[in-house]
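The values are calculated or read from the model by the stated rules, or taken from the named source; none is laboratory data. Remember, predicted model here, so these are calculated numbers, not experimental data. Quick reminder, even Gly has a Cβ in these numbers, built from the backbone with ideal geometry, and neighbours come from all protein chains shown. Side chains are part of the model used for accessible areas, which takes the heavy atoms of the whole protein and leaves out ligands, DNA and RNA. Shrake-Rupley method; radii C 1.70, N 1.55, O 1.52, S 1.80 Å.
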Amino acid sequence: MRWVLLFLSLLWAGTASAEPVRVFAAASLKTALDAAAAEWAGGTVSLSYAGSGAVARQVAAGAPADIVVLAHADWMKWLDAQGVLGTDPVILAGNTLAVIGPVGDAELALTSQDIAARLGRDGRLAMGDLRAVPAGIYGQEALVALGLWDGVAARIAQADNVRNAMAFVARGEAPLGIVYASDALAEPRVAIVAKLPSNVHAPIVYPAATTASARPMAQEFLAFLQSFAGQSVFRAAGLQEPPK
């Protein structure tokens, strides 16, 4: 009987260790995290992407996440207040904002006149949801600081995550969009036509934490993301070093 119990415990342990680490992450991290998961030799990783607000709400509602990675510190603070985090958040990377257009478009001057001319009579400026998607929140903050918001406020096409905002431009449904600079590297149908100064919005950071229900392997994958190898994957995807 003792041997049977030992066999069953070993079988359970093997099965548990074979289960993937479940990561819920901001959509803008898809390129980097897909590559990091493929690079990690410690096990398999299951990745789920959405806008940071949606991810935070999913995890707070009990979604089976081991690790959560968001694109805005405020959403991670909100999630921590819900009592679902198992570790203090760490910052994995930073990013910058860019204005994108279809490949071949000329450089855009960050003036009301040039933006209006590029949008034309019916064109829209694609952005993430201004209330929940960090790229939309950062983007609006930048446009307000630059004195450009009033000219585009009525012409925003909001998307549920930054990759979908980029898709509007890639499909020709919007002549301009505001996304992270790293996103533009992942879509061959768009190009950066202007870069937004980093001093006109809050620092763009990607906080990550394990959840209270996380399995031990989750901490190992999170440690890999912070290692030289993991950070090299992030740099290759166009993300910046974490702000000091």
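Per-residue extension of 0.36 nm, minus the Cα-Cα distance of residue 61 and residue 173, leaves a gain of 36.9 nm for this segment. With the simple spin-label model, which puts each label point 7 Å out from Cα in the Cβ direction, the residue 219 to residue 41 separation comes to 2.2 nm.
Can you give the angle from 0 to 90° between the axis of helix 216-226 and the longest principal axis of the chain, with both taken from C-alpha atoms, to the nearest 10? The angle comes out at about 40 degrees. Largest GNM mean-square fluctuation among 146, 222, 33, using the chain with Cα springs under 10 Å: 146. In this rough spin-label picture, where each label sits 7 Å from Cα along the Cβ direction, the residue 241-residue 122 distance is 4.9 nm.
Farthest toward the dipole's positive end in the chain, which of 112, 98, 133, given Cβ charges of +1 (Lys, Arg) and -1 (Asp, Glu) about the Cα centre? Positive-end residue among those listed: 133.
Split the accessible area of the stretch 85-206 by element, probe 1.4 Å, and carbon with sulfur accounts for 51%. Rolling a 1.4 Å probe across the protein heavy atoms gives the chain an accessible surface of 47 Å² per residue. For the stretch 53-134, the list of trypsin sites (Lys or Arg not before Pro) that fall in a loop by DSSP and count at most 12 other C-beta atoms within 10 angstrom reads 121, 131.
Taking 0.36 nm per residue of separation and subtracting the Cα-Cα distance, full extension of the segment from residue 153 to residue 19 would add 43.6 nm. Taken about its Cα centre, the chain carries a charge dipole of about 240 debye when Lys and Arg each add +1 at the Cβ and Asp and Glu each add -1 at the Cβ.
Full-extension gain between residue 34 and residue 48, please, as 0.36 nm times their residue separation minus the C-alpha to C-alpha distance. Each step should come with its number before you reach the end.
Values: separation 14, 0.36 × 14 = 5.04 nm, distance 1.02 nm.
Contour length minus Cα-Cα distance gives 4.0 nm.
With Cα Rg over 2.2 N^0.38 Å in mind, check (1) 1.07; (2) 1.13; (3) 0.97 and report the label derived from this structure. The value matching this structure is (2).
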